[in-house]
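Colleague: First the structure, then my questions, so here it is.
The values are calculated or read from the model by the stated rules, or taken from the named source; none is laboratory data. Model, not experiment: these values are computed from the prediction. Here the Cβ positions follow ideal geometry from the backbone for every residue, glycine too, while neighbour counts run over all protein chains shown. Ligands, DNA and RNA are excluded from the accessible area calculation, which covers all protein heavy atoms including side chains. Shrake-Rupley method; radii C 1.70, N 1.55, O 1.52, S 1.80 Å.
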Amino acid sequence: MSYCDYVNNNPSELPDYLLHKHYHDHQYGFTIDDDDELFGRLILEINQAGLSWTLMLRKQQGFRNAYSHFSIEKIAQYDETDRERLLLNPDIIRNRLKINAAIVNAQKIVELKKEYGSFKAWLDAHHPLTITEWLKLFKKNFKFVGGEIVNEFLMSTGYLPGAHNEGCPVYSRLK
């Protein structure tokens, strides 16, 4: 069952369904122009590895608060005290490798911004690529980025097609 089928054919008032419905209808597959929001999506995708997207949606505000509202510049300056603070924060996924990846990736984006002007401009400069080419590029530049993470990040931010089925009401809005 596709994400569109799940959201559009299983209406419910349960909080988890409503989180998915909002994400599907207003965020998934939509372009993001703000670098910090783009980076925030990458942080969530990295942290989802091995876990459910429902959990990421539940913890999205916790991540936003814990990671300085996804400010790339601020996260790039995080030190060991910040790592320890994050490891103790129950509002996020407390995994040292994922926390370290967020910090190292923010530092890398700061470097990329010197050449490209923004994280989005870096992505745009390489678009379109195949998923294989994107994966190679991401692995060259970032930490903790496997195939599923890169695929979902790019699809969820509109860089890869396939976020919505043709029959999905959101599909026509994205065209």
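Colleague: Name, by its number, the condition in (1) open to solvent by 30 Å² or more (accessible area, probe 1.4 Å); (2) under 18 Å from the mean Cα position of the chain (by Cα) that does not hold for residue 88.
Modeller: Only one criterion is unmet by residue 88, namely (2).
Colleague: Return yes when residue 52 is more than 26 Å from residue 17 (Cα to Cα) and among the polar types (S, T, N, Q) and no when it is not.
Modeller: no
Colleague: Same structure, new question: Only one residue in 81, 157 is polar (S, T, N, Q) and open to solvent by 70 Å² or more (accessible area, probe 1.4 Å), so which one is that?
Modeller: 81
Colleague: Under the condition of being assigned to a helix (DSSP H, G or I) and of a type in the set (Gly, Ala, Ser), which residue from region 9-63 is nearest to residue 83 (Cα to Cα)? Walk me through it before giving the result.
Modeller: Quick first cut of region 9-63, residues assigned to a helix (DSSP H, G or I) only: 9, 15-26, 35-48, 53-63.
Okay, now just the ones that are also of a type in the set (Gly, Ala, Ser), so 40, 62.
Numbers: 40: 17, 62: 15 Å.
In this case the residue turns out to be 62.
Colleague: Give me a count of the residues in region 1-20 that are open to solvent by less than 60 Å² (accessible area, probe 1.4 Å) and either among the polar types (S, T, N, Q) or closer than 17 Å to residue 56 by Cα (or both).
Modeller: So the count comes out to 8.
Colleague: Scan (1) open to solvent by 40 Å² or more (accessible area, probe 1.4 Å); (2) part of a helix (DSSP H, G or I) for the single condition residue 143 breaks and write down its number.
Modeller: (2)
Colleague: Out of the residues in region 64-80 that are among the polar types (S, T, N, Q) and not in a helix (DSSP H, G or I), state the one that is farthest from the chain's Cα centre (by Cα). Explain how you work it out, then say what you get.
Modeller: So the first thing to find is which residues in region 64-80 are among the polar types (S, T, N, Q), and the list is 65, 68, 71, 77.
Right, trim to not in a helix (DSSP H, G or I) and you get 71, 77.
Values: 71: 14, 77: 20 Å.
Step by step, filter region 64-80, then rank; the result is 77.
Rundown of residues vs (1) more than 19 Å from residue 47 (Cα to Cα); (2) touching a Phe, Trp or Tyr at 6+ places or on another chain (Cβ under 9 Å); (3) not hydroxyl-bearing (Ser, Thr, Tyr); (4) not in a helix (DSSP H, G or I), yes/no style:
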{"residue": "82", "(1), (2), (3), (4)": "no, no, yes, no"}
{"residue": "91", "(1), (2), (3), (4)": "no, yes, yes, yes"}
{"residue": "97", "(1), (2), (3), (4)": "no, yes, yes, no"}
{"residue": "113", "(1), (2), (3), (4)": "yes, yes, yes, no"}
{"residue": "124", "(1), (2), (3), (4)": "yes, yes, yes, no"}
{"residue": "129", "(1), (2), (3), (4)": "yes, yes, yes, yes"}
{"residue": "133", "(1), (2), (3), (4)": "yes, no, yes, no"}
{"residue": "152", "(1), (2), (3), (4)": "no, yes, yes, no"}
{"residue": "162", "(1), (2), (3), (4)": "yes, no, yes, yes"}
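Colleague: Those residues that are among the acidic types (Asp, Glu) and more than 18 Å from residue 153 (Cα to Cα), I need them from region 1-37; list them, please. First the steps, then the outcome.
Modeller: Just the residues of region 1-37 that are among the acidic types (Asp, Glu), to begin with: 5, 13, 16, 25, 33-37.
Matches in region 1-37: 5, 13, 16.
Colleague: Within region 150-172, is there a residue that is within 25 Å of residue 3 (Cα to Cα), among the small types (Gly, Ala, Ser) and out of contact with any helix residue (DSSP H, G or I) (no Cβ under 8 Å at 6 or more places or on another chain)?
Modeller: Within region 150-172, one or more residues are within 25 Å of residue 3 (Cα to Cα), among the small types (Gly, Ala, Ser) and out of contact with any helix residue (DSSP H, G or I) (no Cβ under 8 Å at 6 or more places or on another chain).
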